[in-house]
Amino acid sequence: MPSIAIAYLIFLAAPVLLLALGSFGENWSNTLLPNGMTGRWYAEVASDPSFRRAFVTSLQVVGATCALNLLIGLPLAYAIQAGARGGVRIAARLLTLMPVAVPELVLAFGFILVFSSDALPWLGSFWLLAAGHLVLTLPYTVTALVADMEQLRLDEYEHAAATLGASFAARLRDVTLPLLGTSMMSAMLTVAALSIGEFQLSNLVSGFLSRTYPVVLLQAFYGATGFACAATIVLLSLAILASLASSLTVRFAGSSKAEPVA
């Protein structure tokens, strides 16, 4: 078993290591490893107008996706946790998880069919792209929040506050949001990691001026290999940083809850 695990880790890490080496290689053509060493590829990525515009667009899409996840995901998770019971609750959660089961390609084609019509000519717009990212990431937000609501026994705290005369707005402000603060932060970092690297839907739905970083990155592989490797490492670093931040947030929250109260 250890040998299988080691082989799997090597298989997983080897492409990333080769990309990192290629991003600093002077030339890489028909050889296992690149030749020479240079840092100019990162400078070229930073100065390339199309990549700079795509990078800003990706950050804007991530910001809009996170904001929409909070505005829609928190009320939806609260409704599932507090209002749905039995079969209704199971059906609501299955409906929420459907975007995970449906291939992104199918969802993208559905967007093309609906939003390229004369009635809804929104294909290629920024907000349609953000809506697509919302559909893909909302299940993760809702699932995480519902699980944390159950673990934190939010309904018991809210019931106690209600018996003391607290209104719904007061319970939301003083009980729900403070208890779920860390959960929301962790969920948004996960959403950011998923959104920044999303390609399939973005490639089909985005317009020329709303192309995200992964979409422009695909075109780079038709040019200089070192440039494409450097651009890939930048994207990979952003996704890893968001994932690490999410994991550290969860771990910090867990250690804080485990501390004894003086």
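Mind checking which helices in the chain clear 24 Å along their axis (Cα) and have mean Kyte-Doolittle hydropathy of 0.0 or more, DSSP H runs only?
On the way: long enough: 2-24 (32 Å, 2.11); 49-68 (28 Å, 0.81); 126-151 (37 Å, 1.05); 177-196 (27 Å, 1.65); 225-258 (49 Å, 1.37).
Span-like helices, by this rule, are 2-24, 49-68, 126-151, 177-196, 225-258.
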So for the pair D174, S243, with labels modelled 7 Å out along Cα→Cβ, what separation do we get in nm? 4.2 nm
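How high is the FRET efficiency from L95 to S29, r the C-beta distance, R0 45 Å, rounded to 0.05?
Between L95 and S29 the formula returns 0.35.
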Out of the trypsin sites (Lys or Arg not before Pro) in the range 23-124, which ones are loop residues according to DSSP with at most 10 other C-beta atoms within 10 Å? R85
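In terms of the Cα gyration tensor, with a ≥ b ≥ c the square roots of its eigenvalues, is the chain rounded because a/c is under 1.5, prolate because a/b exceeds b/c, or oblate?
Working: a/c = 2.33, a/b = 1.58, b/c = 1.48.
Because a/c hits 1.5 or more and a/b exceeds b/c, the chain counts as prolate.
Can you list the trypsin sites (Lys or Arg not before Pro) in the range 147-183 that are in a DSSP coil and have 12 or fewer other beta carbons within 10 angstrom?
On the way: sites: R153, R171, R173; in loops: R153.
The qualifying sites are R153.
Assign one of three labels to the range 87-174, namely rounded, prolate or oblate, based on the Cα gyration tensor with a ≥ b ≥ c the square roots of its eigenvalues; rounded applies when a/c is under 1.5, prolate when it is not and a/b is larger than b/c, and oblate otherwise.
It is prolate, given that a/c is not under 1.5 and a/b is the larger ratio.
Could you report the chain's accessible area per residue, 1.4 Å probe, as an integer in Å²? Don't skip to the answer; put the middle values down first.
Values: 14910 Å² over 262 residues.
That works out to 57 Å² per residue.
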Within the accessible area of the range 5-117, what % is carbon and sulfur when the probe is 1.4 Å and the other protein chains stay in place? 76 percent
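Which of rounded, prolate or oblate describes the range 6-64 when judged by the alpha-carbon gyration tensor and an a/c cut-off of 1.5?
Values: a/c = 3.71, a/b = 1.39, b/c = 2.66.
Cα axes put the range 6-64 in the oblate bin.
The values are calculated or read from the model by the stated rules, or taken from the named source; none is laboratory data. Note that this is a predicted model, so its numbers are computed, not measured. Ideal geometry is used to build each Cβ from the backbone, glycine not excepted, and the neighbour counts take in all protein chains shown. Side chains included, ligands, DNA and RNA excluded: accessible areas come from the protein's heavy atoms. Shrake-Rupley method; radii C 1.70, N 1.55, O 1.52, S 1.80 Å.
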